[in-house]
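Presented below is the structure to which this report refers.
Values in this text are rule-based calculations from the coordinates and carry no lab data. Please read all numbers here as calculations on a predicted model, not as lab measurements. Quick reminder, even Gly has a Cβ in these numbers, built from the backbone with ideal geometry, and neighbours come from all protein chains shown.
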Amino acid sequence: MPTRPISFQTRDGLTLHGLYTAPAGGGARGMVVMPHGGPHGIYDSWGYDPDAQFLASRGYGVLQVNFRGSGGRGERFEQSGYLQWGGKMQDDLADGVKWAVDNKVADPARICTYGSSYGGYAALMQTIRYPELYKCAIGYVGVYDLQVMKKEGDITYRASGNRYLDRVLGTDAAVLKAWSPAQNVDKIKVPVFLAQGSIDKRVPMDQFNALKNAFKDSAVPVETMVAQGEGHGFYKPENIAQFYTRMEAFLVKHIGPGAK
């Protein structure tokens, strides 16, 4: 499916760039907002993206935003995302959704968000910060508790990694709590699908379990998939196939043509 570069103005006047992949069949269809992982130094660039193409082939537009903190635009732009994981970086994604709706490439009643690693974090935070925009959320090997992130995972194995986390996340416990999906599930009102690798060292099972357990007393429908022997991303063909099959069914149910 064709992908084109886009740009738009944020609410505070910053010009951001990204990509929009048109759905098979065209028109204002359901859309998936797909924040990239990283997040710092990583960015979405034009080229073949298997996730975007899979989703577009199933009839969904795909929006990818290089929010502040992303790479490719210099050190100052990358550092502008420091201490903003749950703040302006989330605003940038929401402003991207506004662009898509205003340009009539997305049906505002049929938008979901999906991402991996930081993207999984952003997908869940979007439903907390902007509950009116989304009908569902998908987190894949995602970060869901920033306080857990500062204690568990391979980034914490070295002093340099701990300094990095302090630099990009900060040390304010109240902010870390407020910007952690697992500690704010009462604000999530849409169905959620979570997928995780059982031996992920970058984002260990502690993250998945923190969010899953927090949902225990919630009325929100939560679907889960844990792939045994997989790490930070699935590599076995059978697990990839199962994940895509389940993601497709989840999207059809919540933002497909017949979804209510």
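General observations
- Peptides 197-210, 168-181 ordered by packing proxy, namely the average of other Cβ atoms within 10 Å per residue, highest first: 197-210, 168-181.
- The range 230-247 - phi-based ³J(HN,Hα) in whole Hz, Karplus 6.51/-1.76/1.60, Gly and Pro as x: 9, x, 7, x, 8, 10, 6, x, 5, 6, 4, 4, 5, 4, 4, 4, 6, 5
- In sequence order, the range 76-88 has phi-based couplings of 4, 5, 4, 6, 5, x, 4, 6, 10, 3, x, x, 5 Hz under the Karplus curve 6.51 cos²θ - 1.76 cosθ + 1.60, θ = phi - 60°, and Gly or Pro positions carry x.
- Subtracting the Cα-Cα distance of residue 107 and residue 7 from 0.36 nm times their residue separation leaves 34.1 nm of extension gain.
- In this simple spin-label approximation, residue 249 and residue 45 carry label points 7 Å from Cα along the Cα→Cβ vector, and these lie 3.7 nm apart.
- Among the listed pairs 212/236; 104/177; 88/135; 104/201; 104/189; 98/189, those with a Cα-Cα distance over 32 Å are 104/177; 104/201.
- Each peptide among 113-122, 64-73, 16-25 gets the average number of other Cβ atoms lying within 10 Å of its residues, and from highest to lowest they stand as 113-122, 64-73, 16-25.
- Full extension of the segment from residue 24 to residue 76, taken as 0.36 nm per residue of separation minus the current Cα-Cα distance, would add 15.0 nm.
- Rule-of-thumb Rg ratio for the range 141-183 [Cα; 2.2 N^0.38 Å; N residues]: 1.09
- The chain - Debye-derived log10 I(q)/I(0), Cα point model, q = 0.11, 0.17 Å⁻¹: -0.54, -1.41
- For residue 160, net neighbour charge (Lys/Arg +1, Asp/Glu -1) across residues whose Cβ lies under 15 Å away: +2
- A simple packing score, the average count of other Cβ atoms within 10 Å per residue, orders the peptides 34-43, 218-227, 75-84 as 34-43, 75-84, 218-227, with the highest score first.
- Put simply, the amide H of residue 6, placed in the peptide plane, has neighbours under 5 Å in 18, 19, 20, leaving out anything fewer than 5 places away on its chain.
- Rounded Å value of the spacing that divides the Cα centres of the range 179-234 and the range 1-79: 24 Å
- Amide H partners (placed H, <5 Å) of residue 29, local residues excluded: 61, 107
- Under 5 Å, built H, 5+ apart or other chain: amide partners of residue 200: 205
- Across the range 145-155, coupling constants 3J(HN,Hα) worked out from phi with the 6.51/-1.76/1.60 Karplus curve, θ = phi - 60°, read 9, 5, 5, 5, 4, 7, 10, 10, x, 5, 5 Hz, and Gly and Pro carry x.
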